[in-house]
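Shown next, in structure tokens, is the structure this report addresses.
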């Protein structure tokens with residue numbers, strides 16, 4: 001029965017269904033059995049990393065499930081036919097990245113933009129020594145700019161445009177990307193192509209080079225469930241692989257859709273490379289209960305001054321009009337100015353230390369900023385009340401003189 005179904009599927013020309021059913025046992029060949037065996041030749045010995053076997057086979061598997069339309073059909077137009085990456089882990093713990101990108105332009109464009117994360121889950125990496133070239137003669141002036149949590153590497157020629165198929169080579173170094181594990185091993189997590197590409201990628205090849213024989217290397221491709229280099233890779237497709245000597249492993253993956261990833265994990269023995277301590281930035285909002293209390297008191301004071309039924313003279317002053325009886329108590333503008341100045345200074349100082357250390361996109365608001373807001377809010381009300389009351393009194397005085 002299975003043989004008849006398989007023959008009918010092949011006869012009507014339905015490759016996805018044929019791939020799902022698989023060839024019948026009577027038609028299975030030793031070569032196909034070898035390919036099938038190679039697909040499972042990298043069994044993970046730990047939940048997060050796979051061992052490299054001694055007898056490898058080269059195979060490629062589509063990142064999308066069988067029967068799903070290809071990326072070219074879903075997004076016609078521009079594409080990346082080939083994307084070659086070489087990841088070299090140096091003994092000093094620096095990751096050197098070399099990317100060769102072949103890009104098909106459908107119109108006239110200025111170049112490409114490669115987005116490399118420098119902050120992931122509050123952990124900071126340093127992207128340095130960025131350079132670019134083009135083997136097809138396309139303009140390759142490079143500009144690296146920090147935007148949000150990414151370094152945007154723009155490669156092009158400014159006002160010059162290109163079209164057709166162009167090839168670019170981007171190189172850069174990444175520091176702080178290795179992690180020291182409790183057992184002393186060093187581990188690398190890296191997205192070889194990133195999730196910033198809006199076009200499909202035909203074929204990706206990733207070569208991982210290490211100074212010593214790695215304990216394990218793995219590659220998985222597809223759409224990540226969560227952001228970050230160390231996100232859950234469950235459900236991703238294992239890449240095809242080949243081992244080149246003791247210190248290099250090659251991976252291949254075809255048919256990636258826009259924004260899909262190629263996650264590389266490598267584990268090295270203890271003492272193989274230097275692993276500097278990781279650097280972390282404060283969360284963008286790092287306040288605690290003292291800051292919330294200070295902000296709450298400030299807001300309560302502001303409401304007390306503002307609400308008409310509070311019984312406060314400041315509220316009466318805000319409603320005062322020329323010809324009405326002036327309230328006996330009026331806060332001076334100096335009080336409001338002092339509170340506004342103090343609150344603004346606290347907010348600015350709290351944000352400035354992170355901005356100076358890690359850039360404008362690392363700004364973090366903590367307890368000092370909340371205390372500053374607690375002072376700034378009632379101070380602004382007092383300042384406006386004093387200013388409005390003084391202007392109203394001057395206007396009334398001028399009317400009386402007239």
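The values are calculated or read from the model by the stated rules, or taken from the named source; none is laboratory data. Because the structure is a prediction, the values reported are computed rather than measured. FYI the Cβ positions are ideal-geometry reconstructions off the backbone, even for glycines, and counts take in every protein chain you see.
With respect to the conditions (1) crowded, with 17+ Cβ neighbours inside 10 Å; (2) modelled with pLDDT under 90; (3) not in a helix (DSSP H, G or I), residue 283 falls short on a single one, namely (1).
Residues in the stretch 153-171 include at least one that is modelled with pLDDT under 90, assigned to a strand (DSSP E or B) and over 27 Å from residue 271 (Cα atoms). Look at the stretch 111-129 and say how many of its residues are more than 19 Å from the chain's Cα centre (by Cα) and surrounded by fewer than 18 Cβ atoms within 10 Å (Cβ to Cβ). Count: 1. A residue that is out of contact with any helix residue (DSSP H, G or I) (no Cβ under 8 Å at 6 or more places or on another chain), without any contact (Cβ under 8 Å) to a residue 12 or more places away in the chain and assigned to a strand (DSSP E or B) occurs nowhere in the stretch 177-189. A search for C-beta distances below 8 Å between a residue of the stretch 346-374 that is at positive phi and any residue that is at pLDDT 75 or above and surrounded by fewer than 18 Cβ atoms within 10 Å (Cβ to Cβ), counting only pairs 6+ apart in sequence or on different chains, returns 359/146. From the list 262, 204, 199, the lone residue that is within 16 Å of the chain's Cα centre (by Cα) and in the same structural domain as residue 92 (by TED's automatic domain parsing) is 262. For residue 213, the requirement of being assigned to a loop (DSSP other than H, G, I, E, B) and without any contact (Cβ under 8 Å) to a residue 60 or more places away in the chain is met.
Residues that are more than 27 Å from residue 124 (Cβ to Cβ), surrounded by 17 or more Cβ atoms within 10 Å (Cβ to Cβ) and modelled with pLDDT of 65 or more occur in the stretch 386-402; there is at least one.
When 167, 140, 132, 186 are checked against the criterion of being surrounded by 19 or more Cβ atoms within 10 Å (Cβ to Cβ), farther than 30 Å from residue 273 by Cα and touching a strand residue (DSSP E or B) at 6+ places or on another chain (Cβ under 7 Å), 140 stands alone in meeting it. Looking at the stretch 145-156, which of its residues are touching a strand residue (DSSP E or B) at 6+ places or on another chain (Cβ under 6 Å) and in contact (Cβ under 8 Å) with a residue 24 or more places away in the chain? Answer for the stretch 145-156, where residues must be touching a strand residue (DSSP E or B) at 6+ places or on another chain (Cβ under 6 Å) and in contact (Cβ under 8 Å) with a residue 24 or more places away in the chain: 149, 150, 151, 152, 153, 154, 155, 156.
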